[in-house]
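Asks: First, the structure itself, so that you have it in front of you.
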């Protein structure tokens, strides 16, 4: 089971920034299953709401919210596009920060 999860995580991370979530959505929609869709959406919403709760209580709220949104993105193209846009901008900011930090050293 963990080998399957590892393989999917590697495929997800190997995708280009800004296309990862749409590719994941296409992979999930290639073999649709109604029960999986219902569980993914309900689970994603619950995890996302738990992340919102963790913003005001101790816990990794933003990380949990991101995991919930990623679960929903597998079933919703709109959410996948939003996460791709965020991923692209976050990667660009991270690269700029690393470049500035390297110049200082």
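The values are calculated or read from the model by the stated rules, or taken from the named source; none is laboratory data. Here the structure is a predicted model, which is why all the values come from computation and not from measurement. Counting neighbours? That spans all protein chains shown, and the Cβs are built from the backbone with ideal geometry, glycine included.
Asks: Give the residues of segment 1-15 that are surrounded by 14 or more Cβ atoms within 10 Å (Cβ to Cβ) and not in a helix (DSSP H, G or I), sorted by residue number.
Replies: Across segment 1-15, the qualifying residue is only 15.
Asks: Okay, next question. Which of the residues that make up segment 54-63 are surrounded by 12 or more Cβ atoms within 10 Å (Cβ to Cβ) and over 16 Å from the mean Cα position of the chain (by Cα)?
Replies: Matches in segment 54-63: 54, 55, 59.
Asks: Restricting attention to segment 13-45, report how many residues are under 18 Å from residue 64 (Cα atoms) and in contact (Cβ under 8 Å) with a residue 12 or more places away in the chain.
Replies: Looking only at that region, the number is 6.
Asks: Tell me yes or no: at least one residue of segment 65-86 is over 10 Å from the mean Cα position of the chain (by Cα) and not in a helix (DSSP H, G or I).
Replies: yes
Asks: Please find, within segment 46-61, the residue that is farthest from residue 34 (Cα to Cα) out of those that are out of contact with any helix residue (DSSP H, G or I) (no Cβ under 7 Å at 6 or more places or on another chain) and in a helix (DSSP H, G or I).
Replies: 56
Asks: I've got another one for you. Could you please let me know if residue 46 is at pLDDT 90 or above, more than 17 Å from the chain's Cα centre (by Cα) and surrounded by fewer than 16 Cβ atoms within 10 Å (Cβ to Cβ)?
Replies: no
Asks: Out of (1) free of Cβ contacts under 8 Å to residues at least 12 places away in the same chain; (2) in a helix (DSSP H, G or I); (3) under 14 Å from the mean Cα position of the chain (by Cα); (4) exposed (fewer than 14 other Cβ atoms within 10 Å of the Cβ), what's the single condition that is false for residue 93?
Replies: The single condition residue 93 does not satisfy is (3).
Asks: What residue, among those in segment 16-39 that are under 13 Å from the mean Cα position of the chain (by Cα) and part of a helix (DSSP H, G or I), is surrounded by the most Cβ atoms within 10 Å (Cβ to Cβ)?
Replies: 21
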